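The structure appears below as structure tokens.
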Amino acid sequence: MLKRTFLAGFVGLGICASTAWAQTTTTPTADPHDMTVNQRLENQKDRIQAGTQDDQLTRGERTRLRANDAAIHAQEKVYRQANDGRLTQGERQQLQRELNRNSRQIYRARHNDRKPK
């Protein structure tokens, strides 16, 4: 009887521990350096769309920002085609610099108090 109680308690403890271990996940960070190029482009696309909906971007600003994103995406595609689908460290750094520059431009365009006509 004692053996059975001990065994049942041990199995129950094991199940609880394994369930708790399985539920622990790493939370994604918002650090732009941990995000992929495509994730950052998607984030910037969402920010441009939000600026459009909130009337924070003029048509010209929106067009320019979208063109910048398209150019970054095209450059990434060229880099990947040249290296069997991979980016070198230098290419990744170059794309990150371009993404950072475009991110700053999105922020400035959304906060410059220009209204669409």
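Would you confirm, using the coordinates I've provided, whether Thr63 is at pLDDT 95 or above and over 15 Å from the mean Cα position of the chain (by Cα)?
Numbers: at pLDDT 95 or above: yes; over 15 Å from the mean Cα position of the chain (by Cα): yes.
The answer is yes for Thr63.
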Take the conditions at pLDDT below 95, under 18 Å from Met35 (Cβ atoms) and in contact with a Lys or Arg (Cβ under 7 Å, 6 or more places away or on another chain) and apply them to Leu99. Does it pass?
no
If Val78 passes every condition in (1) closer than 20 Å to Asn43 by Cα; (2) at pLDDT 95 or above but one, which one does it miss?
(1)
Out of the residues in the range 65-99 meeting the condition of being closer than 26 Å to Pro116 by Cβ and touching a residue at least 40 places away in the same chain (Cβ under 8 Å), tell me which one is surrounded by the fewest Cβ atoms within 10 Å (Cβ to Cβ).
Leu99
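The values are calculated or read from the model by the stated rules, or taken from the named source; none is laboratory data. Not measured: the values here are computed from a predicted model. When we count neighbours, we look across all protein chains shown, and the Cβ atoms used for this are built from the backbone with ideal geometry, even at glycine.
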